[in-house]
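Asker: Have a look at the structure that comes next, please.
The values are calculated or read from the model by the stated rules, or taken from the named source; none is laboratory data. Every value quoted in this text rests on a predicted model; they were computed, and no experiment measured them. Cβ placement follows ideal geometry from the backbone for every residue including glycine, while neighbour counts extend to all protein chains displayed. We work out accessible area using only protein heavy atoms, side chains counted, and drop any ligands, DNA or RNA first. Shrake-Rupley method; radii C 1.70, N 1.55, O 1.52, S 1.80 Å.
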Amino acid sequence: QNQFVLPNISFAQNAVIGSESAIQGITQEACLDYYKNNYRPKNMVLIVVGDFNIKNCEKAILEKFEGCTDKSNRVSLPSQIEVKHEGTKVNYVYEAGLPIVNIKIGTAQKIAPPGKSFFENSKNELAELAAEYIMQKRLVGNVLQKDCPLNSFYFKNENFGEQFNVTSIEANCEADKWEAALNLLSCELNKAIRFGFLDSEVESFKDWYRNKLKTDLDEEASLQNNELMSQILN
């Protein structure tokens, strides 16, 4: 999948642990070189947690880390992720004998540099959640109908190194129903893009989200929960 969506990035082409030849060929010199180039003060973050005197803590940190300097003048920066195509790109992988087919429709987008306010980012996140909720309800309605080609479906959002975002909807169906399943997904997505959502669907999401927050608050043992606080702020 990654080789298809982002073919020019290294981790889409290489195994996470590395190839056998690469592992066998690694040297102490190469490891030290990597350490000196990447484990630099500029790349480090020091986090202090607890009930302490800030001035005393700052003084201790300065004393301990004052001599921390770069071990190398050379810096190896991670490669930027780029997309080599625009518009629609189709990928088809066939494996004989499989009774189930996986269908996926998605978008790959460059993440815009930071600049929006917290309020704007929160609005965007909430809008994405609302769209997913409404699309989910629409597709569930299809699945409940007789002779629906979909066996199951789900939404997925992947972030690649804070540089690229891939959002998709995936579905499974029987092998001989792949075309009908693909048409169903395409029609539902195009309908949402062209006509948007009904006021009643948006109100349904609002009710669900308010109830979800209330339930989370009632069930959470402590309000010192970053995810919960983020939802409340949204």
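Asker: Taking the residues in region 1-46 that are over 30 Å from residue 85 (Cα atoms), open to solvent by 80 Å² or more (accessible area, probe 1.4 Å) and among the polar types (S, T, N, Q) as candidates, determine which candidate is modelled with the lowest pLDDT.
Answerer: Initially, region 1-46 is screened for residues over 30 Å from residue 85 (Cα atoms), giving 20-46.
In the following step, the residues that additionally are open to solvent by 80 Å² or more (accessible area, probe 1.4 Å) were identified as 20-21, 23-24, 26, 28-29, 32, 34-36, 39, 42-46.
Now drop any that are not among the polar types (S, T, N, Q), which leaves 21, 24, 28, 43.
Working: 21: 86, 24: 89, 28: 92, 43: 80.
It comes out as 43.
Asker: Further question: So which residues in region 47-68 are aliphatic (A, V, I, L, M) and open to solvent by less than 100 Å² (accessible area, probe 1.4 Å)?
Answerer: Narrowing region 47-68 to residues aliphatic (A, V, I, L, M): 47-49, 54, 60-62.
Correct list: 48, 60, 61.
Asker: Here's a check for you: in region 100-113, which residue that is within 16 Å of the chain's Cα centre (by Cα) and of a type in the set (Val, Ile, Thr) is most open to solvent (accessible area, probe 1.4 Å)?
Answerer: My answer is 107.
Asker: In addition: Restricting to region 69-99, and then to whatever is modelled with pLDDT of 75 or more and surrounded by 11 or more Cβ atoms within 10 Å (Cβ to Cβ), can you tell me which residue is nearest to the chain's Cα centre (by Cα)?
Answerer: Within region 69-99, the match that is nearest to the chain's Cα centre (by Cα) is 89.
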